[in-house]
Structures are given as structure tokens and as C-alpha cells.
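The values are calculated or read from the model by the stated rules, or taken from the named source; none is laboratory data. Note that the coordinates shown come from a computational prediction; the quantities given were computed from them, not determined experimentally. As a convention, Cβ positions derive from the backbone with ideal geometry for all residues, glycine included, and neighbour counts pool all protein chains shown. Note: areas computed on protein heavy atoms with side chains; ligands, DNA, RNA excluded. Shrake-Rupley method; radii C 1.70, N 1.55, O 1.52, S 1.80 Å.
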Amino acid sequence: MFTFINSDKAPAAIGPYSQAVRLGNVLFTSGQIPIDPATGEISGSDIKEQTRRICENLAAVLKEAGADFSRVVKTTCFLSDMADFAAFNEVYAEYFISKPARSCVAVKTLPKNVLAEIELIADLS
């Protein structure tokens with residue numbers, strides 16, 4: 001059995017999906033982009049600002065599920081330009097201090113032409 005997780009402190013889905021789904025003791029989040037949940041607008045003009053907003057959005061979803069970043073076991077990160085990798089990593093490392101497994105790839109285009117997107121899997125046991 002699964003449960004949908006939604007936080008009003010993270011941006012509402014911009015398509016036919018949920019912020020996260022809990023299956024047993026595992027949480028799967030949808031990709032978060034740097035949308036400010038208060039305004040619905042893109043937050044930040046550079047990779048560091050956008051990454052910080054993404055992580056704050058993920059923090060809200062994790063909290064709604066009763067977890068935090070220490071419970072994250074895997075992330076998948078998407079960058080619009082791999083030249084942003086070092087700056088992205090600086091902010092990412094502030095949040096994901098437990099160093100979960102990670103994949104990071106560059107993609108041609110992200111929704112709303114943002115610079116990054118992150119999805120994660122967390123253990124809720």
C-alpha cells in the first residue's frame with residue numbers, strides 16, 4: 001500500500017504527479033525545481049540560489065513525511081550545464097551531509113528552463 005505525501009511548504013505539482021509517494025518505509029520524491037512555494041515563481045538566478053531553493057523544497061517534503069536529509073539514501077540530480085557542477089556541489093553538500101548515493105547528469109532542458117532539479121529516495125523506518 002502506498003501513500004501520497006504533499007506539503008504546502010513545497011511547491012504544488014505543475015503536472016499530473018505528487019510531490020512524493022511513500023511505499024512502506026521508503027519515500028520517493030518527484031523532482032524538485034527551484035519554485036518558491038509562496039509565489040509559484042522560479043527562485044534564484046544562479047545555480048547556487050536555485051540549488052538552495054530546491055533543497056529547501058525537498059526539506060519540506062521530507063518533514064511532511066516525518067524525515068530529514070539524514071534519512072536520504074539516493075539522489076538523482078539533473079543540471080542544465082555540467083559547468084555548474086562545482087557550484088551546485090557546494091550547496092548540495094550543505095544539505096546532504098550523510099553523503100547518500102547519487103547520480104548527476106546534464107540534460108538538454110529542464111522544466112521552466114531552470115538550472116537544476118533533484119529527486120530523492122529516503123528510508124522512513
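Can you list which of the GluC sites (Glu not before Pro) found in region 30-125 are DSSP loop residues with at most 11 other C-beta atoms within 10 Å?
On the way: sites: 41, 49, 56, 64, 90, 94, 117, 119; in loops: 41.
Sparse-neighbourhood loop GluC sites (Glu not before Pro): 41.
Partnerless cysteines in the chain, where a partner means another cysteine C-beta under 4.7 angstrom, comprise 55. In terms of its Cα atoms, the chain spans 40, 30, 22 Å along the principal axes, sorted from long to short.
Given the options 42, 33, 54, which has the most mean-square fluctuation in a GNM of the chain, springs set between C-alpha atoms less than 10 angstrom apart? Among 42, 33, 54, the largest mean-square fluctuation in the Gaussian network model of the chain belongs to 42. For region 1-99, the solvent-accessible area with a 1.4 angstrom probe is 53 square angstrom per residue.
Over region 1-74, what percent of the accessible surface lies on carbon and sulfur atoms, probe 1.4 Å?
54 percent
Toward the positive end of the charge dipole of the chain, with +1 on the Cβ of Lys and Arg and -1 on the Cβ of Asp and Glu, the farthest Cα among 109, 124, 86 is that of 124.
Evaluated with a Cβ-only charge set (Lys, Arg +1; Asp, Glu -1), the chain carries a dipole of roughly 340 debye about its Cα centre, given to the nearest 20. At the residue level, residue 8 shows approximately 130 square angstrom of accessible surface with a 1.4 angstrom probe and all protein chains present. Taking 20 Å as the straight-line reach from the Cα of residue 108, the aspartates and glutamates in range (excluding those fewer than 8 positions away in the same chain) are 46, 81, 84, 117, 119. Measuring between their Cα centroids, region 25-42 and region 44-62 lie 8 Å from each other. Note that region 34-49 has calculated 3J(HN,Hα) couplings of x, 8, 6, x, 6, 10, x, 9, 5, 10, x, 10, 10, 4, 5, 4 Hz, one per residue in order, obtained from phi through the Karplus relation 6.51 cos²θ - 1.76 cosθ + 1.60 (θ = phi - 60°); glycine and proline are x. A full extension of the chain between residue 109 and residue 76 corresponds to an added length of 10.3 nm, given 0.36 nm per residue minus the alpha carbon distance.
Each residue of region 17-26 was assigned a 3J(HN,Hα) from its phi angle through the Karplus curve 6.51 cos²θ - 1.76 cosθ + 1.60 (θ = phi - 60°); the sequence is 8, 9, 4, 7, 10, 9, 10, x, 9, 10 Hz, with glycine and proline shown as x. A dipole drawn for the chain from +1 and -1 charges on Cβ atoms has a positive end, and of 23, 37, 4 the residue lying farthest that way is 23.
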